[in-house]
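The values are calculated or read from the model by the stated rules, or taken from the named source; none is laboratory data. Model, not experiment: these values are computed from the prediction. No Cβ is skipped: glycine too gets one built from the backbone with ideal geometry, and neighbour counts run over all protein chains shown.
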Amino acid sequence: MKNFLEKLFSQKRLHKAFLCYCHADRDPVHALYSRLQSDGVQVWRDRESLLPGQNWEHEIRKAILGSDVILVCLSKNFGGQTGYRHEELKLALTKADVLPVEDISIIPVRLEECDLPESLQHLHRVDLFKRGGYAELLRALWKDNDLNCA
């Protein structure tokens with residue numbers, strides 16, 4: 001892992017990432033946010049990025065549209081109850097529709113064993129709960145996607 005990170009940081013830059021998640025998963029998502037931040041990824045998460053008094057809907061839309069990639073953090077909680085994360089996902093999918101098909105603009109990130117929403121089943125997922133999952137995520141976040149993790 002260390003050699004991979006050294007290669008990663010000696011190259012260009014990581015994507016700007018937006019975290020889409022269910023608030024019931026705030027603890028594991030905060031851990032992911034912190035780890036990505038410490039590894040040099042520019043991450044937008046509502047709890048850390050929104051300021052008091054801001055129009056949160058406007059700021060979230062702006063962050064999604066300004067991000068290079070949306071990390072959809074999935075768990076058994078994600079698909080259940082209603083929440084703004086479903087609107088975030090719709091906007092991310094709409095944005096992805098106008099980008100070249102080879103661009104990585106949405107990454108399904110499973111926090112635990114769970115089903116993917118139908119709208120994401122065409123995308124390859126990363127499983128953070130499995131060995132090497134985080135390294136796979138970093139590889140996907142790399143702009144040129146040409147590093148070898150082996």
Members of the range 79-121 found to be within 14 Å of the chain's Cα centre (by Cα), hydrophobic (A, V, I, L, M, F, W, C) and outside any helix (DSSP H, G or I), listed by number | I104, I106, I107, V109, L111
Does L32 satisfy the criteria of being exposed (fewer than 12 other Cβ atoms within 10 Å of the Cβ) and of a type in the set (A, V, I, L, M)?
-> no
Search the range 92-106 for residues that are touching a residue at least 60 places away in the same chain (Cβ under 8 Å) and more than 10 Å from D68 (Cβ to Cβ) and pair each with any residue that is in a loop (DSSP other than H, G, I, E, B) and not β-branched (V, I, T) when their beta-carbon atoms are under 8 Å apart and the residues are at least 6 apart or on different chains.
-> A92/S105
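Given the criterion touching a strand residue (DSSP E or B) at 6+ places or on another chain (Cβ under 9 Å), free of Cβ contacts under 8 Å to residues at least 24 places away in the same chain and within 21 Å of Y33 (Cβ to Cβ), identify the matching residue among E88, E113, E136.
Matching residue, one of E88, E113, E136: E136.
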What number of residues in the range 20-40 are free of Cβ contacts under 8 Å to residues at least 24 places away in the same chain and among the aromatic types (F, W, Y)?
-> 1
P52 fails exactly one of the following numbered conditions: (1) at pLDDT 90 or above; (2) closer than 25 Å to R139 by Cβ; (3) assigned to a loop (DSSP other than H, G, I, E, B). What is the number of that condition?
-> (2)
Report yes if some residue within the range 54-63 is over 14 Å from the mean Cα position of the chain (by Cα) and among the acidic types (D, E); otherwise report no.
-> yes
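Determine whether I64 is buried (at least 16 other Cβ atoms within 10 Å of the Cβ), in a helix (DSSP H, G or I) and modelled with pLDDT of 90 or more.
Yes.
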